[in-house]
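K.L.:
Please see the structure below; I have some questions.
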Amino acid sequence: MAINLEKGQRISLAKEAPGLTKVMCGLGWDVAKPDGRNTKNLDLDSSVICLDAQGKINDIANVVYFGNLSHRSGSITHLGDNLTGEGEGDDEQIIVDLTKIPTEIARLVFTVNIYEPISRKQDFAMVKNAFVRLVNMSNNQELARYNLSGLEYMGMTGMIMAEIYRHNNEWKMGAIGNGVKANGLEDIVKSYA
């Protein structure tokens, strides 16, 4: 049974799924009912930012997103961009092979940002039922889920959803849920430079 994470909670993936090697990170959301603001073409994009042990990004190739669908190591694959968020379940999925992640990468930060939020005047208050979940690819079992949405994200255009990180030679997951004001992924990546 999946663990429903709270903001800031961390779990050991080794403890929850011994022998875990490959995971799917699913991200989903729905567009909230219009409140007079423009929700037309509300496009959310999921990404993974690969960081070193100091929490820094050392190469733009270490960002996996709709414009760079796979990491050069073959360890991370983004399965494509969903422009609408329509439908049930995951809107975007990212596959991570933990055994192939280069040793210089210590942390994978999963983000979601609104595409062109400034020009479209859109923010996360226009999003509902947002979640990130982690699934064990060997048995399709959901390991953990973090649900977020709400008014506390009004004005926020990006979200640091969760992270998978190495600690004492094992992988852990943390629910972050921090909103950021960013004009796209580039601004979020700069915060890790």
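K.L.:
Write out, first by first residue and then by second, each pair whose Cβ atoms fall under 7 Å of each other, whose residues are 6+ apart or on separate chains, and whose first residue, in the stretch 98-121, is farther than 30 Å from Trp171 by Cα while the second is of a type in the set (D, E, K, R) and in a strand (DSSP E or B).
P.N.:
Sorted first by the residue in the stretch 98-121, then by its partner, the pairs are Tyr115/Asp45.
K.L.:
If you go through the stretch 165-175 one residue at a time, how many are farther than 18 Å from Glu104 by Cβ and at pLDDT below 90?
P.N.:
1
K.L.:
Being over 15 Å from the mean Cα position of the chain (by Cα), surrounded by 15 or more Cβ atoms within 10 Å (Cβ to Cβ) and assigned to a loop (DSSP other than H, G, I, E, B) is the filter here; which residues of the stretch 140-167 pass it?
P.N.:
Met156
K.L.:
Would you mention how many residues in the stretch 168-179 are more than 12 Å from the chain's Cα centre (by Cα) and free of Cβ contacts under 8 Å to residues at least 40 places away in the same chain?
P.N.:
2
K.L.:
Quick check on my filter: what residues within the stretch 2-31 are out of contact with any Gly (no Cβ under 8 Å at 6 or more places or on another chain), of a type in the set (Asp, Glu) and more than 15 Å from Tyr165 (Cβ to Cβ)?
P.N.:
Across the stretch 2-31, the qualifying residue is only Glu6.
K.L.:
Can we say Ala182 is over 16 Å from Ala125 (Cβ atoms) and in contact (Cβ under 8 Å) with a residue 40 or more places away in the chain? Walk me through how you get there before you give the answer.
P.N.:
On the way: over 16 Å from Ala125 (Cβ atoms): no; in contact (Cβ under 8 Å) with a residue 40 or more places away in the chain: yes.
No, not satisfied.
K.L.:
Would you check if there is a residue in the stretch 115-126 being part of a strand (DSSP E or B) and in contact with a strand residue (DSSP E or B) (Cβ under 6 Å, 6 or more places away or on another chain)?
P.N.:
No: the stretch 115-126 contains no residue that is part of a strand (DSSP E or B) and in contact with a strand residue (DSSP E or B) (Cβ under 6 Å, 6 or more places away or on another chain).
K.L.:
Condition (residue is of a type in the set (Lys, Arg) and either more than 14 Å from the chain's Cα centre (by Cα) or farther than 24 Å from Arg145 by Cα (or both)) applied to the stretch 112-123: is it met by at least one residue? Before you say what the answer is, go through the steps one by one.
P.N.:
Looking only at the stretch 112-123, we keep the residues that are of a type in the set (Lys, Arg), and these are 120-121.
Now restrict to residues that are either more than 14 Å from the chain's Cα centre (by Cα) or farther than 24 Å from Arg145 by Cα (or both): 120-121.
Within the stretch 112-123, one or more residues are of a type in the set (Lys, Arg) and either more than 14 Å from the chain's Cα centre (by Cα) or farther than 24 Å from Arg145 by Cα (or both).
K.L.:
Then there is this: Pairs only if they're at least six apart or on different chains, beta carbon under 9 angstrom, first in the stretch 125-139 and farther than 22 Å from Ile11 by Cα, second of a type in the set (D, E, K, R) and in a loop (DSSP other than H, G, I, E, B); list them, first residue then second.
P.N.:
Ala125/Asp35; Ala125/Arg37; Met126/Asp35; Met126/Arg37; Lys128/Lys33
K.L.:
Just one of (1) over 16 Å from the mean Cα position of the chain (by Cα); (2) modelled with pLDDT under 95; (3) under 19 Å from Gly184 (Cα atoms) trips up Ala17, so point out which.
P.N.:
(3)
K.L.:
Suppose we filter Val96, Val189 for residues that are buried (at least 22 other Cβ atoms within 10 Å of the Cβ) and either touching a Phe, Trp or Tyr at 6+ places or on another chain (Cβ under 6 Å) or β-branched (Val, Ile, Thr) (or both); which single one remains? Walk me through how you get there before you give the answer.
P.N.:
Working: Val189 fails: buried (at least 22 other Cβ atoms within 10 Å of the Cβ).
None of the other options fit; the residue is Val96.
K.L.:
Just wondering, is there one or more residues in the stretch 179-186 that are at pLDDT 90 or above and part of a strand (DSSP E or B)?
P.N.:
Yes, the stretch 179-186 contains at least one residue that is at pLDDT 90 or above and part of a strand (DSSP E or B).
The values are calculated or read from the model by the stated rules, or taken from the named source; none is laboratory data. What you see is a predicted model; the values in this text were computed from it and never measured. Counting neighbours? That spans all protein chains shown, and the Cβs are built from the backbone with ideal geometry, glycine included.
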